[in-house]
Amino acid sequence: MMDALELACLDEGPRDAPVVLLLHGFPDSSAVWRYQLPALSAAGYRVLAPDLRGFGQSPAPDGVEHYAAPALLADVMALLDRLAPGQRVALVGHDWGAALGWMLAALYPARFTGLCALSVGHPSLLLDLRLMGVEQMARSWYTLLFQFAGCAETLLTRDNWALLRAWTGHHAECARQIEALSRPGRLEAALAWYRANSHPAGLAGEVFALPRITIPVTGVWSDGDVYVGEAAMREAGSLVDARFDYVRMAGAGHWLMLDAAERVNALLLDILAQLPPRT
């Protein structure tokens, strides 16, 4: 597949079992799923958790153009062709991984049995200022900062990454994130996701449109999320022609798979049990 990279990928569980694909977000890696991998594999699923391009142990090409959505989607589809050829898989995404999940579900419905999107609602709604309004713009201030190459890198790393630590709310995961982003070229690669796909000019154009989604979707938003508002997840059912369930999780922040791991695991197992067969 054109421009696809071979992603590093954790692969756990029985090889002949139904496949669950876990897609992480910024500024994470497959390690963010460390509580879900054993729970899902113990329940009889084969779990694939790749490091998306620019993160973890996957390649990080130089240049913003290499991080545009078509290349990111191509990576995931190539991974499935390599590790689960001909199989329909269950899709779970968080943050940027959720945004990719919405796009994959819309563009390649024949490859997926269902989608569980964590934290980030449908991209078309997230970019619709009529729905999200000033509140989301205030939450997303960092996406504007990230557009400034050089300046963002300097500000984020200054004083032992003080700004990034504050941005994460001094989350326990931040030390792991800083260690990964401190490798040469990795911070630039992570920020390139925003520079290639979240330029403010997009807000002034037409609302981002995808085909309507025809597979079952569960959207999960946590009330402690300070980065993404609820509306784009709550209202996403308007763009889904199949079953849509919305779960509002109390007492967890943006990294809900870490903050409320047992609840997320139980929810995922319930969702997976209701999905149609993989063939």
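The values are calculated or read from the model by the stated rules, or taken from the named source; none is laboratory data. Just so we're clear, the structure is a prediction, and the values are computed from it rather than from any experiment. So basically every Cβ, Gly included, is an ideal-geometry build from the backbone, and we count neighbours across all protein chains shown. Note: areas computed on protein heavy atoms with side chains; ligands, DNA, RNA excluded. Shrake-Rupley method; radii C 1.70, N 1.55, O 1.52, S 1.80 Å.
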* Structure fact -> Residue count, the stretch 15-64, condition touching a residue at least 60 places away in the same chain (Cβ under 8 Å) and assigned to a helix (DSSP H, G or I), comes to 7
* To do: Kindly indicate which of ARG165, ARG130, ARG186 is out of contact with any Gly (no Cβ under 9 Å at 6 or more places or on another chain), on the phi < 0 side of the Ramachandran plot, open to solvent by 10 Å² or more (accessible area, probe 1.4 Å) and at pLDDT 95 or above.
  => ARG165
* Do the conditions hold for LEU125, that is, is it open to solvent by 10 Å² or more (accessible area, probe 1.4 Å), in a helix (DSSP H, G or I) and modelled with pLDDT under 95? -> yes
* Asked: Which one is nearest to ALA189 (Cα to Cα), of the residues in the stretch 66-93 that are loosely packed, with under 15 Cβ neighbours inside 10 Å and without any contact (Cβ under 8 Å) to a residue 60 or more places away in the chain?
  -> PRO85
* Structure fact -> Among (1) closer than 26 Å to GLY63 by Cβ; (2) at pLDDT below 95, TYR194 falls short only on (2)
* In the stretch 136-152, what residues are open to solvent by 20 Å² or more (accessible area, probe 1.4 Å), under 15 Å from LEU191 (Cβ atoms) and in contact (Cβ under 8 Å) with a residue 24 or more places away in the chain? -> SER140, THR143, LEU144, GLN147, ALA149
* Being of a type outside the set (Lys, Arg) and closer than 30 Å to ALA110 by Cα, is that true of even one residue in the stretch 169-192? -> yes
* Looking at the stretch 53-101, which of its residues are among the aliphatic types (A, V, I, L, M), in contact with an Asp or Glu (Cβ under 7 Å, 6 or more places away or on another chain) and closer than 15 Å to ALA8 by Cα? -> ALA74, LEU83
* To do: Scan TYR67, TYR35, TYR45 and give me the residue that is hydroxyl-bearing (Ser, Thr, Tyr) and over 19 Å from LEU91 (Cβ atoms).
  => TYR67
* Structure fact -> When every residue in the stretch 95-104 that is touching a Phe, Trp or Tyr at 6+ places or on another chain (Cβ under 8 Å) and either touching a residue at least 60 places away in the same chain (Cβ under 8 Å) or open to solvent by 10 Å² or more (accessible area, probe 1.4 Å) (or both) is compared, the one nearest to HIS199 (Cα to Cα) is TRP96
* Need at least 2 residues that are of a type in the set (A, V, I, L, M) and touching a residue at least 24 places away in the same chain (Cβ under 8 Å) per element, so show me which helices (runs of 4 or more DSSP H) inside the stretch 175-276 make the cut, counting only ones lying wholly within it. => 186-197, 231-234, 256-259, 261-274
* Return the total of residues in the stretch 176-191 being under 17 Å from the mean Cα position of the chain (by Cα) and not hydrophobic (A, V, I, L, M, F, W, C). => 1
* Structure fact -> Over the stretch 1-14, the set of residues open to solvent by 40 Å² or more (accessible area, probe 1.4 Å), assigned to a loop (DSSP other than H, G, I, E, B) and either touching a helix residue (DSSP H, G or I) at 6+ places or on another chain (Cβ under 7 Å) or of a type in the set (Ser, Thr, Tyr) (or both) is MET1, MET2, ASP3, LEU5
